[in-house]
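Below is one structure, written out as structure tokens; comments come after it.
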Amino acid sequence: MSPADEISGLQQVILNERSRLLRFLAARGMADDAEDALHDLWQRVAAAPAQPIADPLSYLFRAAENLVRDRRRSSVSRDRRHHDWHETLPGEESALGERSLIARERLREVQAALAALGPRVETVFRRCRLDGVGQVAIAHELGVSLSSVEKDLQKAYRALGQLRAKFDAE
């Protein structure tokens, strides 16, 4: 089987009308990329299922027009992403500084809320949540019942939940 036998009818029309299609693409702003666009058109036609087409030349010009439109959209999207990326970089530093300032302020509020609950509640919360010590071990360390440790944790969670609701409302 020769390579000519594998060419579809539409691909043969592309070969026959190559110069017209290239001029058509160049006239639509694709002068530098007309060959690449024509190759893309060839690939699309090759991938399309074979079916009878009443006017193959009109079909190819319409497909070429769609290809130009797709490439233009891609280019606009790529340029917009590129622009957005470069626009956000300098501002990102100030946003990062602002976020870290807010985070430090919120951390101070959390520490103040825990301190307001009393030293034992604060210690129980820190040992359990930050140090990873089990509730039973904390109860033994502090000389209190497991129930007291659980209640202290509930107080801390309730206070932090209210604080989080306040942060979310801001």
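The values are calculated or read from the model by the stated rules, or taken from the named source; none is laboratory data. Values in this document were obtained by computation on a predicted structure and should not be read as measured data. Positions of Cβ are backbone-derived with ideal geometry, glycine not excepted, and every protein chain shown enters the neighbour counts. Protein only, heavy atoms only, side chains kept; ligands, DNA and RNA dropped before computing areas. Shrake-Rupley method; radii C 1.70, N 1.55, O 1.52, S 1.80 Å.
Observations on the model:
- Size of charge dipole - the chain - debye, nearest 20, with Cβ of Lys, Arg +1 and Asp, Glu -1, no other charges: 720
- A simple count of charges around Ile53, restricted to other residues whose Cβ falls under 15 Å of its Cβ and scoring Lys, Arg +1 and Asp, Glu -1, yields 0.
- For the stretch 1-66 versus the stretch 104-122, the inter-centroid distance based on Cα atoms is 71 Å.
- In this simple spin-label model, placing a label point 7 Å from the Cα along the Cα-to-Cβ direction at both Arg120 and Ala50 gives a separation of 8.7 nm.
- Proximal charge balance of Gly118 [Cβ under 11 Å; K/R count +1, D/E count -1]: 0
- Seen from a random direction on average, the alpha-carbon convex hull of the chain projects onto 20.9 square nanometres.
- Cβ-Cβ distance of Asp79 and Asp33, R₀ of 22 Å, FRET efficiency by 1/(1 + (r/R0)^6): the value works out to about 0.90.
- Residue-normalised accessible area of the chain, expressed per residue, 1.4 Å probe, Å²: 70
- For the stretch 118-170, the carbon plus sulfur part of the accessible surface works out to 51%, probe radius 1.4 Å.
- Helix 34-47 vs. the chain, principal-axis angle (Cα, 0 to 90°, nearest 10): 80
- Cα-based helix-to-principal-axis angle, 56-116 vs the chain, degrees rounded to 10: 10
- Selected from Met30, Gly143, Ala159, residue furthest toward positive end of dipole (the chain; charges at beta carbon): Gly143
- D (Stokes-Einstein, µm²/s), Kirkwood Cα radius, the stretch 1-78, 1.567 mPa s at 4 °C: 99
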